[in-house]
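The structure appears below as structure tokens.
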Amino acid sequence: MVPETSPYAAIYPLSANPPTWGHADIVSRAAKIFDKVYWSVAFNPDKKYLFSVEERMSMMQVYIDHFQLTNVIPDSYTGSTVRYAQQKQVHVLIKGLRNYSDFQQEFQQAVGNKGIDEKMETFCLFGAPGLTVVSSSLVRELAFLGEDITPYVHPAVAQRVSEIIHHSKT
């Protein structure tokens, strides 16, 4: 087990609404680089999510178990990612980049995060080929249409997404 505080820890923040193979690829690669990775669900009370924080963390755990990521800890937070990282005594944020627009957005966030905490670093990993077009919104849209989402999410996650969407329609 990784010690609670590690100088080589990172946070991979995301909405995970739901988590996809693309998210799992990024966290599994980050887990090979860092001693500990907090895979953290961001909760914004002003946004509407299809899945609760608990549901999203449960789905993330499916990937953690699948890849046997013993140094990845699912977590959640509300508010500023930088303030959350400071609470965890972590100075590295992991970001996945699928395309140029992701880069632009993450670059702006990285600059803003540095303005809040000059020790905060952003570590970017490019999405794996074949997963760069996968997004949570695509998965939700396909699931609402009744399409097969297993190419984009773990089968157990696909089952849970289907159950939640079916329940939300009734």
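Here is how the numbers come out for the structure above:
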| item | result |
| --- | --- |
| Pairwise Lys count, the chain - Cα closer than 30 Å, eight or more residues apart or different chains | 23 |
| Where GluC sites (Glu not before Pro) fall in DSSP loop in region 101-151, at most 16 other Cβ within 10 Å | E118, E147 |
| Alpha-carbon spread of the chain, three principal axes, descending order, Å | 47, 35, 33 |
| Trypsin sites (Lys or Arg not before Pro) within region 71-165: DSSP coil, no more than 13 neighbouring Cβ in 10 Å | K119 |
| Amide H contacts under 5 Å for S15, placed H, 5+ residues apart | A42 |
| Amide proton proximity set for L97, modelled H, under 5 Å, gap of 5+ | L125, F126, G127 |
| Positive-end residue, the chain charge dipole about Cα centroid, Cβ charges, pick of G96, V41, M120 | M120 |
| Nitroxide proxy distance, nm - points 7 Å out along Cα→Cβ at Y100 and K114 | 2.2 |
| The chain - charge dipole about Cα centre, Lys and Arg +1 at Cβ, Asp and Glu -1, debye rounded to 20 | 180 |
| The chain, accessible area per residue, ligands and nucleic acids excluded (1.4 Å, Å²) | 55 |
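The values are calculated or read from the model by the stated rules, or taken from the named source; none is laboratory data. Keep in mind that this is a model prediction, so the values were computed, not measured. Counting neighbours? That spans all protein chains shown, and the Cβs are built from the backbone with ideal geometry, glycine included. These area figures cover heavy atoms from the full protein model, side chains too; ligands, DNA and RNA do not enter into them. Shrake-Rupley method; radii C 1.70, N 1.55, O 1.52, S 1.80 Å.
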